[in-house]
2 protein chains.
Amino acid sequence: MLTVTFRFDTATAVTPIAQKNGLTTFSAEVFDGWDITGNANGGYLLAMMGRAMQQHSGRRDPFTVTAHYLAPAPAGPLEIEVDTVKTGKLVTTMNATMRRGDRNIMRVLGAWGEMAAVEPQIVTATPPDLPSYEQCTSRNSDGGEFTIGLLQNVTNRLHPDDSTFISGTPSGTAQMRGWIHFPDDRPIDTLALLLAVDAMPPPLFNLPYEKGWVPTLELTVHVRAVPVGKRLACSFRTKVVQGGLLEEDGEIWDESGTLVALSRQMAVAPRVV
Amino acid sequence: MLTVTFRFDTATAVTPIAQKNGLTTFSAEVFDGWDITGNANGGYLLAMMGRAMQQHSGRRDPFTVTAHYLAPAPAGPLEIEVDTVKTGKLVTTMNATMRRGDRNIMRVLGAWGEMAAVEPQIVTATPPDLPSYEQCTSRNSDGGEFTIGLLQNVTNRLHPDDSTFISGTPSGTAQMRGWIHFPDDRPIDTLALLLAVDAMPPPLFNLPYEKGWVPTLELTVHVRAVPVGKRLACSFRTKVVQGGLLEEDGEIWDESGTLVALSRQMAVAPRVV
């Protein structure tokens with residue numbers, strides 16, 4: 001029997017090393033190739049935290065997860081601590097901390113359970129109007145002034161109307177639509193959604209803003225269904241840049257056309273150019 | 001000199017009773033008249049938590065705050081504990097717990113700082129198209145099958161197109177727009193925004209769902225500007241009801257037409273009727 005190990009699972013692996021007073025401590029490692037200019041991508045770190053929360057609670061799916069990012073994380077070992085806030089019938093609510101030595105890297109508050117089979121009742125949101133995967137624009141890891149190691153492990157295929165920023169011509173609309181999939185064809189599960197919500201270029205790259213690291217202060221993900229297939233159709237929009245901060249809203253759809261996640265983040269706005 | 005004490009400030013007062021290892025413990029009290037059928041409104045509890053976080057950190061404004069609701073809270077005394085996760089230049093990140101005896105009522109993760117004077121750069125969101133305050137529909141505290149004590153302390157004036165559910169004729173669109181203000185004319189500040197994001201009827205009341213308590217699992221608020229004036233123009237929408245859970249998105253504008261808050265919550269969907 002051949003067991004395939006996908007790169008996402010290797011790179012987000014966590015190992016329990018201690019358990020005390022209901023708190024589980026895990027060791028983990030930030031891998032190379034999941035970064036933006038040397039610092040681990042926020043979605044990648046959130047997926048790693050998610051795996052620790054999944055193991056701690058024994059519950060499969062994130063329902064709603066909020067991460068506050070406190071310090072950047074280059075490649076290397078770190079620790080994750082998870083404790084239970086409340087075990088309920090529907091969800092287990094947990095608090096989680098990621099740290100490296102004395103340095104807090106991120107803090108997470110989230111609720112995990114078992115997502116019911118999808119019975120959409122009302123969905124007025126609509127999937128993005130994307131050309132086929134093949135007709136969308138590849139993006140390589142050389143972002144020009146900065147390097148996107150993450151693209152070695154997460155493929156972006158952008159809507160041609162939204163990818164013009166790559167050649168220096170922002171579209172003028174703070175929108176970024178496209179497909180996401182793993183280059184080794186790993187199927188998408190609810191854990192991978194935690195990565196996906198932060199794995200495309202900021203919509204603000206399509207306005208005259210500096211292109212570079214956009215530091216996330218806080219990211220909240222609502223998982224809305226167990227995804228099927230290997231590709232996600234994604235749509236991200238920024239509708240408010242104000243007081244030096246931006247909001248970015250995401251909607252993610254699976255191959256069956258089901259809305260599988262909503263996301264929103266607050267980030268520090270880059271400089272106008 | 002006459003000092004006016006507004007009811008919101010009295011009802012959200014917190015008193016520090018202990019400080020140890022960077023953790024502040026506050027005593028507080030859930031007042032009557034801020035409830036839905038006897039259980040305190042989630043926005044009211046979040047404002048109370050917010051006041052404790054404001055006092056603990058010495059920082060004025062919530063930037064992004066996430067609450068997980070763990071148990072209902074009828075009127076009566078309770079305790080709030082706040083500890084600092086990280087003190088940064090832009091924000092202080094805090095963890096807060098509300099409990100009554102051994103029972104956890106809510107858990108909050110939030111970042112507080114001083115919101116910059118508003119220099120809107122991009123705002124593609126638009127204020128709701130509301131008739132004047134006088135032309136909007138009053139809502140009294142008798143919700144028919146349930147009692148909305150909260151309306152004794154927070155005035156709702158609903159868009160006439162969205163208030164038809166009151167007389168048993170839902171509009172058919174999961175939308176709820178209207179004005180919010182305090183009956184004692186308390187000016188709106190960033191703390192009051194934490195209440196406002198959960199102080200209007202659920203948009204789902206305008207679809208054929210049971211009208212009653214809609215338990216919030218998680219609520220995240222992004223404060224986007226320091227509000228001016230005494231009235232807020234609000235717009236709430238639900239675009240996804242799936243797997244027994246709903247999302248509700250809010251946009252809140254002040255009297256000067258500035259977008260002052262964005263909110264999103266995940267709640268348990270009521271039954272279809």
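The values are calculated or read from the model by the stated rules, or taken from the named source; none is laboratory data. Keep in mind that what you see is a predicted model, and the values were worked out from it rather than measured. Virtual Cβ from ideal backbone geometry, glycine too; neighbours counted across all protein chains shown.
Among the residues that make up the range A:189-202, is at least one of them more than 14 Å from every other protein chain (Cβ to nearest Cβ) and surrounded by fewer than 20 Cβ atoms within 10 Å (Cβ to Cβ)? The answer is yes; a qualifying residue exists.
Number of residues in the range B:225-240 that are in contact (Cβ under 8 Å) with a residue 40 or more places away in the chain and either of a type in the set (Ser, Thr, Tyr) or within 11 Å of chain A (Cβ to nearest Cβ) (or both): the value is 6. Among the residues of the range B:241-255, which ones are in contact (Cβ under 8 Å) with a residue 24 or more places away in the chain and of a type in the set (Asp, Glu)? B:Glu248, B:Glu251, B:Asp254, B:Glu255, listed by residue number. Within the range A:42-55, can one find any residue that is touching a residue at least 24 places away in the same chain (Cβ under 8 Å), closer than 18 Å to B:Asn95 by Cβ, surrounded by 20 or more Cβ atoms within 10 Å (Cβ to Cβ) and over 15 Å from the mean Cα position of the chain (by Cα)? Yes; the residues of the range A:42-55 include at least one that is touching a residue at least 24 places away in the same chain (Cβ under 8 Å), closer than 18 Å to B:Asn95 by Cβ, surrounded by 20 or more Cβ atoms within 10 Å (Cβ to Cβ) and over 15 Å from the mean Cα position of the chain (by Cα).
Each residue in the range A:248-271 was checked for being over 15 Å from the mean Cα position of the chain (by Cα) and part of a strand (DSSP E or B), and 2 pass. Annotation note: Cβ proximity below 6 Å between a residue of the range A:112-125 that is free of Cβ contacts under 8 Å to residues at least 40 places away in the same chain and a residue that is surrounded by 14 or more Cβ atoms within 10 Å (Cβ to Cβ) and outside any loop (DSSP other than H, G, I, E, B) (sequence gap 6+ or interchain) occurs for A:Gln121/B:Val241; A:Ile122/B:Val241.
Residue-wise test of (1) under 15 Å from B:Thr190 (Cβ atoms); (2) at pLDDT 95 or above; (3) not assigned by TED's automatic domain parsing to the domain that holds B:Phe63.
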{"site": "B:Gly212", "(1), (2), (3)": "no, no, yes"}
{"site": "B:Pro215", "(1), (2), (3)": "no, no, yes"}
{"site": "B:Val223", "(1), (2), (3)": "yes, yes, yes"}
{"site": "B:Val226", "(1), (2), (3)": "yes, yes, yes"}
{"site": "B:Gly244", "(1), (2), (3)": "no, no, yes"}
{"site": "B:Asp249", "(1), (2), (3)": "no, yes, yes"}
{"site": "B:Ile252", "(1), (2), (3)": "yes, yes, yes"}
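On inspection, B:Ser167 qualifies as outside the structural domain of B:Arg60 (by TED's automatic domain parsing), over 25 Å from B:Met106 (Cα atoms) and without any contact (Cβ under 8 Å) to a residue 24 or more places away in the chain. Screening B:Ala111 with (1) surrounded by 17 or more Cβ atoms within 10 Å (Cβ to Cβ); (2) within 21 Å of B:Ile36 (Cβ to Cβ) gives one miss only, at (2). Those strands (runs of 3 or more DSSP E) of the range A:25-122 in which at least 1 residues are away from chain B (no Cβ under 14 Å) and of a type outside the set (Phe, Trp, Tyr), considering only elements entirely within it, cover A:76-87. Considering the range A:246-255, the residues that are more than 7 Å from chain B (Cβ to nearest Cβ) and out of contact with any Cys (no Cβ under 7 Å at 6 or more places or on another chain) include one that is surrounded by the fewest Cβ atoms within 10 Å (Cβ to Cβ), namely A:Glu255.
Going through the range B:256-273 one residue at a time, which ones are away from every other protein chain (no Cβ under 12 Å) and either without any contact (Cβ under 8 Å) to a residue 40 or more places away in the chain or in contact with a strand residue (DSSP E or B) (Cβ under 8 Å, 6 or more places away or on another chain) (or both)?
Taking the range B:256-273 first, the residues away from every other protein chain (no Cβ under 12 Å) are B:256-257, B:273.
If the condition is that a residue be away from every other protein chain (no Cβ under 12 Å) and either without any contact (Cβ under 8 Å) to a residue 40 or more places away in the chain or in contact with a strand residue (DSSP E or B) (Cβ under 8 Å, 6 or more places away or on another chain) (or both), then B:Ser256, B:Val273 are the ones that fit.
Taken over the range B:124-137, residues that are surrounded by 12 or more Cβ atoms within 10 Å (Cβ to Cβ) and either within 19 Å of B:Phe165 (Cβ to Cβ) or of a type outside the set (A, V, I, L, M, F, W, C) (or both) amount to 9. Hey, could you check the range B:1-34 for residues that are at pLDDT 95 or above and β-branched (Val, Ile, Thr) and say which is surrounded by the most Cβ atoms within 10 Å (Cβ to Cβ)? Here the residue is B:Thr12. The single residue among B:Ala47, B:Ala67 that is farther than 16 Å from B:Arg99 by Cβ and hydrophobic (A, V, I, L, M, F, W, C) turns out to be B:Ala47.
Exactly one residue out of B:Thr64, B:Thr37 is among the β-branched types (Val, Ile, Thr) and either outside the structural domain of B:Asn21 (by TED's automatic domain parsing) or surrounded by fewer than 24 Cβ atoms within 10 Å (Cβ to Cβ) (or both): that is B:Thr37. Within the range B:116-136, the residues that satisfy the criterion of being touching a Phe, Trp or Tyr at 6+ places or on another chain (Cβ under 8 Å) and closer than 18 Å to A:Lys239 by Cα are B:Pro127, B:Pro128. Go through the residues of the range B:122-129 one by one and say whether even a single one is outside the structural domain of B:Phe63 (by TED's automatic domain parsing), within 18 Å of B:Asn206 (Cβ to Cβ) and polar (S, T, N, Q). No, the range B:122-129 has no match at all. Apart from one condition, B:Val221 fits all of (1) farther than 18 Å from A:Val240 by Cβ; (2) more than 10 Å from chain A (Cβ to nearest Cβ); (3) crowded, with 18+ Cβ neighbours inside 10 Å; the exception is (1). Filtering the range A:91-108 to residues that are over 19 Å from the mean Cα position of the chain (by Cα) and either touching a residue at least 24 places away in the same chain (Cβ under 8 Å) or surrounded by 18 or more Cβ atoms within 10 Å (Cβ to Cβ) (or both) leaves A:Val91, A:Thr92, A:Thr93, A:Arg100, A:Arg103, A:Asn104.
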